[in-house]
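Novice: Take a look at the following structure, please.
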Amino acid sequence: MTIGTARYTPGGDEHIFVELSEEMSLEAFFKGMAITTALAQQKVPGVTEICPANASYQVRFDPDVIHPDAMLAILKRVEAEAGNAELDLDTRIVEIPVLFDDPWTNETQLRFRERHQDPTSTDLQYAARINGYANVTDFIAAYSGSPWFVSMVGFVAGLPFMFQMVERARQIEVPKYLRPRTDTPKLTIGHGGCFNAIYSVRGAGGYQMFGITPAPIFDPAQGLPYLKHFMAFFRPGDIVKFKSIDRAAYDAALDQVAAGSFDLRIRPVKFSLKQFLADPAAYNRSLLEVLHGN
Amino acid sequence: MAIEVIKPGLATTVQDAGRVGYYNVGIPLSGALDQYSFRAANLLVGNDENAAVLECSLLGPELRFLDDAIIAVTGSTMTPKLDGTLAATGEAIAVRAGAVVSFDFMRAGARAYIAVAGGIDVPVVLGSRSTYGLGAFGGFLGRKFAAGDVLKTGPAPAGARAGRRLPAELAMPLPKEVELRVMPGLYYHRLTEASAARFFEDTWTVAPEADRIGYRYRNGRPLEFCPRQQPFGAGSDPSNIVDAGYPYGSIQVPGGVEPIILHRDAVSGGGYAMIGTVISADMDRIAQMQPNYKARFVKVDLDTALAARADRQQRLDQLRAALR
């Protein structure tokens, strides 16, 4: 699969927005990562923000330092150069423990049931059914079986959007709530469209709610080892593997979080898009070997 | 040097020029919504123009100054009172230790800036003292003020003196009907031609949901998006796109109903098509719009936007010269 030429469009006088593809694909995401990584390395004077997203990216700049036409020319040149580059990524793979079907998101679902497509099911039961799974157990196995790419970080501070690294036919898709909720528990594992999201803070939301992780992913106080470097943990390009845990393991993890001793399993990894596309299942197995090796 | 918060006002926070460079992980600029009035307040009291100030929304606070201070109030028309006696806006005024500063109701505009000589002394987080409410960091404990809070201020600069005054022609205009210049772009092509034209014809009213994150407008005719087979991952509504980054000032129209302009505490991305962007020179105007103020959107091109930006810079230079 190939994607066409990017579409460049202004976001006022301070931004250029670049749509790499109208539809979501790993190829579009990777092209965006390649371009934004190369652009960041060039340290173009006047550029203040470089924001990769799922299938697009945007740049914010000071037009008093660099004229928008000059900025546009640089972005087009970087696209042309990045198009020839090997789509490899030096990144990390992270295991995120998840208590699926947890009491807190289930309680929240009940409070907003009239805003849901199927008020008689839980979000998990609904998602399992419309995606063709026989039961919730099989659905959770698929959800936590194959790894995910963090394809965008944002909406609010530190919130990752993730895209599962499987063929399109196996992508899990669900609609968002009919009307957004006014509340979502902090660290909810949500899903909308083809994207997973972990709610980094409590707040409004429209994604279906499948579970909760004990692992803080945004903390301005930076108390835990993996947040010492920066208050927001996730970066675009991270690879995530969910691990289904039970209530006892969840409670134990929360105790460790309170004690400041909780840590995540994180391993460096080099990702090759070409090798992945040749045999996704085999490549994902090799990624998990890296995650679980020492 | 300290200030005690007796009453916090509706939404009073510490803000400065903003936090640049972290939008890629969802941490927005923050900072004073009306950057022009914020700079004017600092210059009046002899501060560096980027010093941290108090931003007040719609209803001002009541503050007890524990030390002598020089302060200035700019932006919306919100007259300060020293121990109950009316004082001037747009002027550096002396406050004696122990005095209570309160404010008259906001007559025009939506945001007032209170600068104190020496600046508000809160920790610098990621390069800024600005409050980011959704992330609960920056400013004073990452939140708006509550009664009983005690704020520290820095040492007053040598140039601080009472009596310095903002010339009337350099004050922020506060009209109840505002023209906002918009560069079409982003997903503008997703609107039907007739609908795109109506967006610029109608008069829109600021909805009650107008805050530092975004300004919602209503009372214009609903917008229609061109029907299409939605792309994979975009969501089912024709106003949906594959989740993408939102520029500051970008206008999204969820479901085609009410346009929302994102401001300096913006959510950094999402799945609603943006149809254009308010030009940088007009972002301060949005900050001064109260609910029920009216807006007309005026379509402009890049050259017009850059000329307006240059005009704004020139006006800031005049301000700096006048308040030297």
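The values are calculated or read from the model by the stated rules, or taken from the named source; none is laboratory data. Being a predicted model, the structure only gives us computed values, none of them experimental. Counting neighbours? That spans all protein chains shown, and the Cβs are built from the backbone with ideal geometry, glycine included. Accessible surface areas use protein heavy atoms only, side chains included; no ligands, DNA or RNA. Shrake-Rupley method; radii C 1.70, N 1.55, O 1.52, S 1.80 Å.
Novice: In whole Hz, with x marking every Gly and Pro, tabulate ³J(HN,Hα) for the range A:195-210 from phi via Karplus 6.51 cos²θ - 1.76 cosθ + 1.60, θ = phi - 60°.
Specialist: 10, 8, 9, 10, 5, 6, 9, 5, x, 5, x, x, 6, 4, 10, 10
Novice: For B:Leu170 and A:Ala282, what is the calculated FRET efficiency with R₀ set at 51 Å and r taken between the beta-carbons, to the nearest 0.05?
Specialist: 0.15
Novice: Right, next: Could you work out how far apart the two model spin labels at A:Glu81 and A:Lys274 are, taking each label as a point 7 Å from the Cα in the direction of the beta carbon, and quote it in nm?
Specialist: 2.1 nm
Novice: In peptide B:234-240, how many Cβ atoms from other protein chains are near each Cβ within 10 Å, on average?
Specialist: Partner Cβ neighbours, averaged per residue: 3.
Novice: Tabulate in residue order the Karplus-calculated ³J(HN,Hα) for the range B:199-209, using 6.51 cos²θ - 1.76 cosθ + 1.60 with θ = phi - 60°, rounded to whole Hz; enter x for Gly and Pro.
Specialist: 4, 8, 8, 6, 9, 10, 10, 5, 7, x, 7
Novice: Give the average, rounded to an integer, of partner chain Cβ atoms located within 10 angstrom of each Cβ in A:232-238.
Specialist: Partner Cβ neighbours, averaged per residue: 2.
Novice: Relative to a virtual label point 7 Å from the Cα of B:Ala97 in the Cα→beta-carbon direction, which members of the range B:33-72 show backbone nitrogen distances below 18 Å?
Specialist: So the set is B:64-71.
Novice: With just the Cα atoms defining each centre, how far is the range A:119-159 from the range B:214-274? Give it in Å.
Specialist: 24 Å
Novice: In addition: Past 25 Å, Cα to Cα, is the threshold; run B:Lys152/B:Lys176; B:Lys7/B:Lys81; A:Lys241/A:Lys270; A:Lys31/A:Lys243 against it and keep the listed order.
Specialist: Among B:Lys152/B:Lys176; B:Lys7/B:Lys81; A:Lys241/A:Lys270; A:Lys31/A:Lys243, the Cα-Cα distance tops 25 Å for B:Lys152/B:Lys176; A:Lys31/A:Lys243.
Novice: Given a 1.4 angstrom probe, what's the average accessible area per residue across the protein assembly as shown, in square angstrom?
Specialist: Value returned for the protein assembly as shown: 38 Å² of accessible area per residue.
Novice: Please compute the net charge surrounding A:Ile93, taking Lys and Arg as +1 and Asp and Glu as -1 over other residues with Cβ under 11 Å from its Cβ.
Specialist: So the environment of A:Ile93 carries a net charge of +2.
Novice: When you count, for each residue, the other Cβ atoms within 10 Å and take the mean per peptide, how do B:79-90, A:249-260 rank with the highest first?
Specialist: B:79-90, A:249-260
Novice: Then there is this: I want to make sure I understand the PRE zone here: with the label point 7 angstrom from the Cα of B:Arg107 toward its beta carbon, which residues in the range B:253-295 have backbone N atoms less than 20 Å away?
Specialist: B:288-294
Novice: Counting GluC sites (Glu not before Pro) as exposed when in a DSSP loop with at most 14 other beta carbons within 10 Å, what is the longest stretch of chain A free of them?
Specialist: The longest such stretch corresponds to A:168-294.
Novice: Cross-link partners among lysines for A:Lys176, C-alpha distance below 22 Å, same-chain residues fewer than 8 apart left out?
Specialist: A:Lys186
Novice: At most 15 other Cβ atoms within 10 Å and a DSSP loop assignment: could you name the chymotrypsin sites (Phe, Trp or Tyr not before Pro) in the range A:1-59 that fit?
Specialist: Filter output for the range A:1-59: empty list.
Novice: Evaluate E = 1/(1 + (r/R0)^6) for A:His292 and A:Thr120, where r is the Cβ-Cβ distance and R0 equals 45 Å; express this FRET efficiency to the nearest 0.05.
Specialist: Result of the calculation: an efficiency of 0.70.
Novice: Taking a cut-off of 19 Å between Cα atoms, list the aspartates and glutamates near A:Lys43, but don't count ones fewer than 8 places away on the same chain.
Specialist: A:Glu14, A:Asp62, A:Asp64, A:Asp69, A:Glu79, A:Glu81
Novice: Taking the dipole about the Cα centre of the protein assembly as shown, with the C-beta of Lys and Arg at +1 and of Asp and Glu at -1, give me whichever of B:Ser195, B:Met172, A:Ala82 is farthest to the positive side.
Specialist: Positive-most Cα among the choices belongs to B:Met172.
Novice: About the Cα centre, and with charges only on the beta carbon of Lys, Arg (+1) and Asp, Glu (-1), how big is the dipole of the range B:177-315? Nearest 20 debye, please.
Specialist: 140 debye
Novice: Please list the non-local residues whose amide H lies under 5 Å from the amide H of A:Asp13, H modeled 1.01 Å from N, same-chain partners needing a gap of 5 or more.
Specialist: Residues meeting the criterion, in which the H sits 1.01 Å from N, are B:Ser280.
Novice: For chain B, take the longest principal axis of its alpha carbons; what is the angle in degrees between that and the long axis of helix B:302-322, to the nearest 10 within 0 to 90?
Specialist: 0 degrees
Novice: With r defined as the distance between the Cβ atoms of A:Arg7 and A:Asn106 and R0 fixed at 45 Å, what FRET efficiency is calculated, to the nearest 0.05?
Specialist: Here the calculated transfer efficiency is 0.60.
Novice: Where the centre of each part is set by its Cα atoms, how far does the range A:1-68 sit from the range B:9-47, in angstrom?
Specialist: 26 Å
Novice: Among B:Pro28, B:Pro259, B:Pro173, which one shows the biggest mean-square fluctuation in a GNM of chain B, springs joining Cα atoms closer than 10 Å?
Specialist: Comparing B:Pro28, B:Pro259, B:Pro173 in a Gaussian network model of chain B, the most mobile one is B:Pro173.
Novice: Sticking with this structure for a sec: If each of A:Ala134 and B:Leu86 carries a label point 7 Å out from its Cα toward its Cβ, how far apart are those two points in nm?
Specialist: Between A:Ala134 and B:Leu86, the simple spin-label model gives 8.0 nm.
Novice: Given a 1.4 angstrom probe, I'd like the percentage of the accessible area of the protein assembly as shown that is carbon and sulfur, rounded to a whole number.
Specialist: 53 percent
Novice: Using alpha carbons only, how many degrees (0 to 90, rounded to 10) separate the axis of helix A:68-82 from the longest principal axis of chain A?
Specialist: 70 degrees
Novice: Label-point separation (nm) for B:Val257 and A:Asp69, each offset 7 Å from Cα along Cα-to-Cβ?
Specialist: The two pseudo-label positions are separated by 4.4 nm.
Novice: Oh, and also: Within the P(r) computed for the range B:138-184, what percentage of the Cα pairs occupies the region above 14 Å?
Specialist: The share of Cα pairs beyond 14 Å in the range B:138-184 comes to 77 percent.
Novice: Whole-Hz Karplus ³J(HN,Hα) for the range B:154-159, in order, using 6.51 cos²θ - 1.76 cosθ + 1.60 and θ = phi - 60°, x for Gly and Pro?
Specialist: With coefficients 6.51, -1.76 and 1.60, one gets x, x, 4, x, 4, x Hz.
Novice: Would you mind checking which residues have amide H under 5 Å from A:Arg92's amide H? H placed 1.01 Å from N; only 5 or more apart, or other chain.
Specialist: Placed amide hydrogens put A:Ile239, A:Val269 under 5 Å from A:Arg92.
Novice: Another one. With a ≥ b ≥ c the root eigenvalues of the C-alpha gyration tensor of the range B:30-183, is it rounded (a/c under 1.5), prolate (a/b larger than b/c) or oblate?
Specialist: It comes out rounded by the Cα gyration axes.
Novice: Inside 10 Å of the C-beta atoms of A:146-156, what's the mean count of C-beta atoms belonging to other chains?
Specialist: Partner-chain Cβ atoms within 10 Å, mean over residues of A:146-156: 5.
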